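The values are calculated or read from the model by the stated rules, or taken from the named source; none is laboratory data. Since the model is a prediction, treat every value here as computed from it, not as a measurement. Methodologically, a virtual Cβ is constructed for each residue, glycine included, from the backbone with ideal geometry; neighbour enumeration extends over all protein chains shown. What goes into the accessible areas is simple: the full protein's heavy atoms, side chains included, and nothing from ligands, DNA or RNA. Shrake-Rupley method; radii C 1.70, N 1.55, O 1.52, S 1.80 Å.
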Amino acid sequence: MTADNTLPGPYLNNDKTSFAWPSARERWPSIIESIIKDVQQTIEETVLAIEKEKEAGTGNEDPSVKILLLQEKVEEGKVIITQTTQLLEDLKNDKPLIPFEGTEADLLDYNKELARIGPLTWLTAPWLFSECFMYRKLASFFTAQKRWVTYDPYARQKDDAFKASKEGVYELAHRYKELAHQLKTHRITPESQRLLFKEFTDISLWGNATDLSLLTNVSLDDIKTLQGAETRKKNEANILVNDLEKAYESLLAKREATTPVGKTVRVDFVLDNAGFEFFADTAFILYLLDSNLADTVIVHPKNYPWFVSDVLPIDVLTLFSHLSNKNFFTDAEHRDDLDAFADRLVKYHADGKLLIRTSPFWTTYHSFDEIRSDGAGKAVWEDLKDSDLVVFKGDLNHRKLIRDLEWPRTTPFKTAIGALATSGIKVLTLRTIKADVVVGLEEGVEAELEKKWVEMGNENKLGWAYSGKWAVIQFSDGSN
């Protein structure tokens, strides 16, 4: 949040023209209901485990320590369901946001901001603040219970979605294996390196293995002949702002400047979704390391279950495990490709070239213009200022970058990110657009998109902005 009255206001949950309206009234209740269902399922599984323990016992009347712990988990789970059900009712009935009871620094910060801008009710509050508040409230229910403190109520959904994307996983793992062999045995030309950087950015942006241009038996020198693929042209036409060339030139200049004196190049990823999107991100990460564009890559997950599918630290290691587990991806003919991909990730992690680093800042309500020497994100700034490129993934991170305010859509990106534009941090944001806020468009583009969206058979001309069909790639060098 910002106290600057000259800035546009935030999107509000009672604005019927905004995606905030259906989000608060339809999506949030559905998400909370899924959590209640998940916890209930875990309670039922725990009760069955208790029965099995009793059946396997020695006949002693006193319950074992394990049974006592399982019983405690059941009782704590019932408390979580009660709290979550009450939150659901408060949301549906537009009750006030209730301050946190905990003493953790971030909870006190939430309470301070709520007192400053409140009182607020769920269906009238600023969209992004109330959504962050809701997810942090949900996380607090679990962290308050000893047997649930590390529990992720979205883990089942993450795993199911990742399994469902197996064909894309197999395709990307296979094609990366072919590329990795070529990178190891051939000298990559500057043009090929540039095109491959663009390719992997595209994969990471859209989160799917579209036309990768990494075909078997195609040399790196010939890869440029594949760049005219129909899918690529279609994807590029849907990228409304594309600053990728600026980001690449910045990274390449750093690489060329540091190589003679032996210094290292570092790239950071502020992560978005687990599952296939993160898998696609790791393909980009492997390319950066294998091609020597970067010496170290640091990934930044969330430290609490967040916005359903966001990556947690454990999800990074779980990805490694899932790829290596023949019982997770069961098609034997793809096992060599998956093992090769996983082995590269594990090796880079073991060698300290792929690091995991999180911060409580990522699960606050603060926008990213607070990532500065005197802001709420000071600790993050102290870390990221040493990076040569910080890649912010996804819609939520982008909304926080541009403060989720009702900017005119022709507002320059560097204006919208505020103090981050002069923070010294090189920002590259890869975003498929799934919320109202959009900046950096040329004059007339917004009207064209509205017209096109209606012509596609949609009634609400504003819906293009949360359809996920368009994207932006925007860059700031941190100096102006």
Checking residue 379 against (1) hydrophobic (A, V, I, L, M, F, W, C); (2) in a helix (DSSP H, G or I); (3) open to solvent by less than 70 Å² (accessible area, probe 1.4 Å), only one condition comes out false. Which one? (3)
Take the residues in the stretch 137-157 that are within 16 Å of the chain's Cα centre (by Cα) and modelled with pLDDT of 95 or more, then tell me which one is surrounded by the most Cβ atoms within 10 Å (Cβ to Cβ). 154
Please state which of the following conditions residue 400 fails to meet, knowing it meets all the rest: (1) of a type in the set (D, E, K, R); (2) over 14 Å from residue 478 (Cα atoms); (3) outside any loop (DSSP other than H, G, I, E, B); (4) open to solvent by 10 Å² or more (accessible area, probe 1.4 Å). (4)
All positions within the stretch 404-455 that are outside any loop (DSSP other than H, G, I, E, B), within 23 Å of residue 206 (Cα to Cα) and more than 23 Å from the chain's Cα centre (by Cα): 445, 446, 448, 449, 450, 452, 453
Of all residues in the stretch 18-50, how many are under 26 Å from the mean Cα position of the chain (by Cα) and surrounded by fewer than 12 Cβ atoms within 10 Å (Cβ to Cβ)? 2
What's the number of the only condition in (1) within 30 Å of residue 129 (Cα to Cα); (2) in a helix (DSSP H, G or I); (3) out of contact with any Leu (no Cβ under 7 Å at 6 or more places or on another chain) that residue 303 fails to meet? (2)
Out of all the residues in the stretch 233-255, which are open to solvent by 70 Å² or more (accessible area, probe 1.4 Å), touching a residue at least 12 places away in the same chain (Cβ under 8 Å) and either under 18 Å from residue 292 (Cα atoms) or part of a helix (DSSP H, G or I) (or both)? 246, 254
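Matching residues to (1) open to solvent by 60 Å² or more (accessible area, probe 1.4 Å); (2) in a helix (DSSP H, G or I); (3) of a type in the set (A, V, I, L, M, F, W, C):
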{"site": "52", "(1), (2), (3)": "yes, yes, no"}
{"site": "69", "(1), (2), (3)": "yes, yes, yes"}
{"site": "83", "(1), (2), (3)": "yes, yes, no"}
{"site": "88", "(1), (2), (3)": "no, yes, yes"}
{"site": "100", "(1), (2), (3)": "no, no, yes"}
